[in-house]
Amino acid sequence: MKRDGSEETSTAVMQKTPIILSKPPAERSKQPPTPTAPAAPPAPAPLEKPIVLMKPREEGKGPAATASASTPEGTAPPPPAAPAPPKGEKEGQRPTQPVYQIQNRGMGTAAPAAMDPVVGQAKLLPPERMKHSIKLVDDQMNWCDSAIEYLLDQTDVLVVGVLGLQGTGKSMVMSLLSANTPEEDQRAYVFRAQSAEMKERGGNQTSGIDFFITQERIVFLDTQPILSPSILDHLINNDRKLPPEYSLPHTYVEMQSLQIAAFLFTVCHVVIVVQDWFTDLSLYRFLQTAEMVKPSTPSPSHESSSSSGSDEGTEYYPHLVFLQNKARREDFCPRKLRQMHLVIDQLMAHSHLRYKGTLSMLHCNVFPGLPPDFLDSEVNLFLMPFMDSEAESETPPRAGPSSSPLFSLLPGYRGHPSFQSLVSKLRSQVMSMARPQLSHTILTEKNWFHYAARIWDGVKKSSALAEYSRLLA
């Protein structure tokens with residue numbers, strides 16, 4: 001029985017059997033396009049079913065468009081391309097847009113916290129601004145960990161410490177350098193100054209070490225006063241009433257002062273030595289002793305660490321600044337200034353501390369009439385007069401009514417710039433000092449905190465300090 005040609009073709013397509021190849025030549029000559037037409041569809045036929053499910057054929061209009069639209073998503077981000085093809089295919093004419101969206105979603109799944117904008121902004125914000133100082137070492141000489149909450153993981157940090165005798169104005173100087181102005185009430189200073197009651201008792205306001213860090217990432221360390229046997233004997237001989245903590249043995253009191261000084265010489269970039277009269281020889285002996293018992297530190301450079309035989313190459317020493325606080329008008333005389341520089345240079349001649357070459361009153365226009373080479377050997381000395389409120393009784397009177405009206409409006413001659421001007425000049429010079437490496441590696445703020453904690457623990461257990469204390473006993 002003869003079969004119809006159309007039935008044969010439909011049956012062959014539906015069953016997908018090689019019956020078409022066995023047709024006689026007469027059948028194949030009647031339908032020349034039929035063999036070529038069904039030969040092409042078998043290749044894209046498997047692709048038609050997933051394309052219809054994803055519904056892109058109406059927009060792409062052809063297999064070529066579908067292939068071009070799926071190519072960027074398959075190559076750019078292979079992991080997220082599988083779950084997100086519908087959105088990418090719907091973009092159609094903009095194949096690059098879904099790429100960025102898929103990458104953002106991928107990052108969000110890797111770090112869920114980044115999806116919350118509040119959490120992301122909180123990580124970029126600096127720590128809370130400090131309003132007052134906190135304890136780094138308490139009055140029992142124990143280390144405190146509360147300061148690490150205000151530190152960051154960045155390396156651009158400057159550490160400034162202070163040493164000085166009792167009542168010289170250490171806390172006031174550190175407050176003015178860090179966060180306060182001379183016009184503010186001293187009771188609002190970040191480092192609490194000595195109160196009137198404490199002055200009457202002859203005691204000190206600061207005990208241990210106080211910590212404060214500014215928004216410019218500068219750490220300030222205020223310390224309790226330096227006490228040595230000679231200083232205590234001087235207070236006792238003058239019938240000064242001593243606070244209870246001074247009733248301890250002299251050796252123990254001096255050990256505390258040496259521990260603090262040795263600690264500052266190891267963890268600070270700049271150490272300011274404050275004195276209110278010129279000069280106390282016991283202070284310089286104390287500085288030399290603290291330098292002697294200072295713990296050894298790694299070299300900041302590879303060259304010096306590889307060298308052998310030189311102690312200077314394996315030790316770190318900070319910048320040392322001598323601040324003459326409550327200076328009088330005659331102290332600003334050029335002749336007196338030269339004498340002070342000469343005395344300090346001779347007393348510190350054998351010291352490895354960087355006490356010269358990093359601060360100058362001649363270069364900051366305090367003495368505009370003096371040449372830069374006026375001082376033969378200029379040390380890091382800065383003069384600070386009385387605060388305006390304290391120096392009102394010493395200010396010369398204004399010109400009398402018989403003088404010219406113009407001169408009667410001018411204040412009396414002081415012999416030095418204003419207190420506010422000198423504080424600003426001192427601050428700018430201290431902040432611009434070099435910041436050498438404290439150890440063999442570059443320290444972040446938090447690394448510095450942990451490094452300082454280890455140094456303090458080592459100072460308290462120092463065999464050199466224990467031997468020195470045994471010799472004094």
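The values are calculated or read from the model by the stated rules, or taken from the named source; none is laboratory data. Just so it is clear, the structure is predicted and the values come from calculations on it, not from any experiment. Virtual Cβ from ideal backbone geometry, glycine too; neighbours counted across all protein chains shown. Quick note on the areas: whole protein, heavy atoms, side chains included, nothing else; ligands and nucleic acids left out. Shrake-Rupley method; radii C 1.70, N 1.55, O 1.52, S 1.80 Å.
Some values worked out for this structure:
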{"item": "Every pair of residues 6+ apart whose Cβ atoms lie under 8 Å, when the first sits in the range 215-238 and is under 17 Å from Phe265 (Cβ atoms) and of a type in the set (S, T, N, Q) while the second is open to solvent by 30 Å² or more (accessible area, probe 1.4 Å) and at pLDDT 90 or above", "result": "Ser228/Arg285"}
{"item": "Qualifying residue in the range 133-149 (condition: over 26 Å from Ser282 (Cα atoms) and among the β-branched types (Val, Ile, Thr))", "result": "yes"}
{"item": "Scope the range 331-355; condition open to solvent by 30 Å² or more (accessible area, probe 1.4 Å), closer than 23 Å to Asn365 by Cβ and in contact with a Leu (Cβ under 8 Å, 6 or more places away or on another chain); matching residues", "result": "Pro334, Arg338"}
{"item": "Total residues in the range 424-473, condition among the charged types (D, E, K, R), in a loop (DSSP other than H, G, I, E, B) and farther than 21 Å from Phe220 by Cβ", "result": "1"}
{"item": "Matching entry among Cys364, Cys268 (being at pLDDT below 90 and not aromatic (Phe, Trp, Tyr))", "result": "Cys364"}
{"item": "Identity of the residue in the range 271-289, among the hydrophobic types (A, V, I, L, M, F, W, C) and under 11 Å from Leu353 (Cα atoms), that ends up modelled with the lowest pLDDT", "result": "Leu287"}
{"item": "Residue in the range 453-472 that is nearest to Gln140 (Cα to Cα), counting only those that are among the aliphatic types (A, V, I, L, M) and out of contact with any Ser or Thr (no Cβ under 9 Å at 6 or more places or on another chain)", "result": "Ala453"}
{"item": "Failed item, numbered, when Phe449 is tested on (1) surrounded by fewer than 14 Cβ atoms within 10 Å (Cβ to Cβ); (2) modelled with pLDDT of 95 or more; (3) not aliphatic (A, V, I, L, M)", "result": "(1)"}
{"item": "Enumeration of residues in the range 145-170 that are in contact with a strand residue (DSSP E or B) (Cβ under 7 Å, 6 or more places away or on another chain) and farther than 17 Å from Cys268 by Cα", "result": "Ser146, Tyr150, Leu165, Thr168, Gly169"}
